[in-house]
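Taking it in order: structure first as structure tokens, then the write-up.
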Amino acid sequence: FLLLLRGVQPPQPRPLDKHTPSGEKLAQHAAAQWESILLCVVNPAAWVELASQKEEPYNLPEKLLVPAGLLDLQRVPRDDDDEEELGGDSDWFWAMTRAGAHFVLQELSAQVWLILQVYISDDERKLSFL
């Protein structure tokens, strides 16, 4: 405000170039990314299949949703497995937790806040050695 009184003009925004996405494109991209997160919570197997088709898949369950408590890795013994036998062949899969079920029923703002908290705390953990 004081700068305006002294006659100093605020800097003008840079003109958009051909690579700058419009607000509408950004909103569409954000919505698609959020739908991907919700798909991963509700149906992790479908998400894993979709992610495997990408060139550089991001391990969303392991890096973000497990630390948030939304998914957990579950062991399912194969038919020929003896329940008592340790170390037998088994299949592992991602499964939604109770917290994950609660998460998908929350409002968008609460969902975003939880994901941001986990993401920031993970970065803080990575930088804690400094």
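The values are calculated or read from the model by the stated rules, or taken from the named source; none is laboratory data. Nothing here was measured: the structure is a model prediction, and the numbers come from that model. Here the Cβ is made from the backbone with ideal geometry for all residues, glycine too, and neighbour counts use every protein chain on show. Note: areas computed on protein heavy atoms with side chains; ligands, DNA, RNA excluded. Shrake-Rupley method; radii C 1.70, N 1.55, O 1.52, S 1.80 Å.
Quick notes on this one:
- Within segment 12-45, the residues that satisfy the criterion of being open to solvent by less than 100 Å² (accessible area, probe 1.4 Å) and farther than 24 Å from V112 by Cα are D17, T20.
- Residue in segment 106-120 that is surrounded by 10 or more Cβ atoms within 10 Å (Cβ to Cβ) and modelled with pLDDT under 75 present: no
- Residue that is nearest to A95 (Cα to Cα), among those in segment 59-75 that are open to solvent by less than 50 Å² (accessible area, probe 1.4 Å) and not in a helix (DSSP H, G or I): L71
- Which numbered condition V48 misses (of (1) modelled with pLDDT under 90; (2) surrounded by 14 or more Cβ atoms within 10 Å (Cβ to Cβ); (3) closer than 18 Å to Y119 by Cα): (3)
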